[in-house]
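Readers should treat all values here as calculations from the given coordinates under stated rules, not as data from a laboratory. The structure presented is a predicted model; accordingly, all values stated were derived computationally and were not measured. Neighbour counts run over all protein chains shown; Cβ positions are idealised from the backbone, glycine included.
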Amino acid sequence: MSTSRGFELYRGTEAADTSRTVGLDLLRICMALMVVGLHGHFLSDVDQRASYLLVEGLFRVAVPVFFLISGYYLQRMDRRGFGRWVRHVLWLYVLWMAIYVFQWWPTTQPTLAGLCGRLAFGYYHLWFLIALALAGAMLFAVRAWSTAQLLAVVLPFVLLGLAIQYAGNYHLLGDDMDRRLNQLLVYRNFLLFGFPFLTIGFLLARHEMGLRISTWTLVGALSFGFASLSVEAALNLRLAGARETFDLLFSLYLVAPALLLWAMRLNVPVQIPGKDLAQFATGLYLVHVLVLKALGAHAGLSATPKVICCLVVSAALAAVLVRMNRRLPVL
């Protein structure tokens, strides 16, 4: 079994260098770039429709892919490695919640319930860390179950998450229930979001699906998946309106696994160690919201220039964090 020498965001464990997949490391970076575009509302100042199709369509594949990659590597992990991994995920969560404390600490008198809720579900993008830790613990506890048993558990969570997302965004159940369903923490959490995608990645690794599926089948799945994701986003724009945001989409359950398997097949000759690439993606993901907030407060830029500047500054900071991480675990 593989051991873990550290933690890389979106990854379950650090496998031996010989089993690294550079394609997955590069995929992490691409997904982190999408998250920056998503949070910065890329192109919203240029074309509202194009921006919506990206932000509420294509870019929404990023976080599911992060969970899938983590689940993929989690399949290789033994109990000792898992213990180190989950402790490090929780450490990162505490560290970065502390770094962002002035963004989420209430300006009025905080209530104990409010603070507990914020700590339990995370600030903004940091929800991923706590969801990853909890979903990982849940999956590790049932990792010995058969594939049929795991799918039987996961499917209801998938359907419930999608039902809550769509019922809330289409305002189907009246004002009181509508307000409840439209709270992010109701469906964007470890149980309805993290655990299903994590388990799918785990099962893809268990059955070595990257070796079993032909290239043409994978190309077809990717093409159909991206097409269906675009159609789904366009329908949501037309029927629900531009103000509705969608974290969960039906098409994500096809396109995200296909994208993971496709990235595994990439044979990219790079000189940068895969560990540095993965940690760079981690740094980019964790720091970009600070940069976006600063640019929004002081730079006076519209959405697209702000996203571009954020990418440049965040990439520089991420490179610094990678170097810092060699002495202090910040990634």
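Brief remarks on what is shown
- Fewest-first sequence of MET264, MET31, MET209 by Cβ atoms within 10 Å of each Cβ: MET209, MET264, MET31
- Rounded to whole Å, sorted largest first: equivalent-ellipsoid semi-axes of the stretch 272-331, Cα gyration tensor: 25, 11, 7
- Stokes-Einstein diffusion for the stretch 135-278 at 10 °C, viscosity 1.306 mPa s, with a Kirkwood radius from C-alpha pairs, works out to 92 µm²/s.
- By the count of neighbouring beta-carbon atoms within 10 Å, fewest first, ILE130, ILE69, ILE164 end up ordered ILE164, ILE130, ILE69.
- The calculated P(r) of the stretch 92-164, using every Cα pair and 5 Å bins from 0, goes 3, 13, 17, 18, 16, 12, 11, 6, 3, 1 in percent.
- Taking label positions 7 Å along the Cα-Cβ direction at both ALA120 and VAL268, the computed distance is 3.9 nm, reported to one decimal.
- Computed over the alpha-carbon atoms, the chain gives an Rg to Rh ratio of 0.94, Rh here being the Kirkwood radius from the mean inverse distance.
- Site-free segments of the chain were taken between trypsin sites (Lys or Arg not before Pro) in DSSP loops having at most 13 other Cβ atoms within 10 Å, sites themselves excluded; the longest one is 6-242.
- Rg/Rg_globular for the stretch 245-306, with Rg_globular taken as 2.2 N^0.38 Å and Rg from C-alpha atoms: 1.59
- Whole-angstrom gap from the stretch 144-175 to the stretch 304-328, using each part's C-alpha centre: 36
- Taking other C-beta atoms within 10 Å as the exposure proxy, GLU244, GLU56 rank GLU244, GLU56 from fewest upward.
- Dipole check for the stretch 216-290: with +1 at the C-beta of Lys and Arg, -1 at the C-beta of Asp and Glu, and the Cα centre as origin, the magnitude is about 100 Debye.
- The chain: relative contact order as a whole-number percent, Cα under 8 Å and 6+ apart: 30
- Cα-based shape type of the stretch 24-128, given that a ≥ b ≥ c are square roots of the gyration tensor eigenvalues and the cut on a/c is 1.5: oblate
- The stretch 198-331: C-alpha gyration tensor shape, a/c 1.5 cut-off, then a/b vs b/c: oblate
- Estimated distance in nm for a label pair at PHE224 and THR147, the labels positioned 7 Å out from Cα along Cα-to-Cβ: 1.8
- Taken about its Cα centre, the chain carries a charge dipole of about 900 debye when Lys and Arg each add +1 at the Cβ and Asp and Glu each add -1 at the Cβ.
- In the chain, helices alone account for a calculated mean residue ellipticity at 222 nm of -22000 deg cm²/dmol, with every DSSP H run of four or more residues adding -39,500 (n - 2.57).
- Working note: Cα atoms of the stretch 122-179, range along each principal axis, descending, whole Å: 43, 30, 14.
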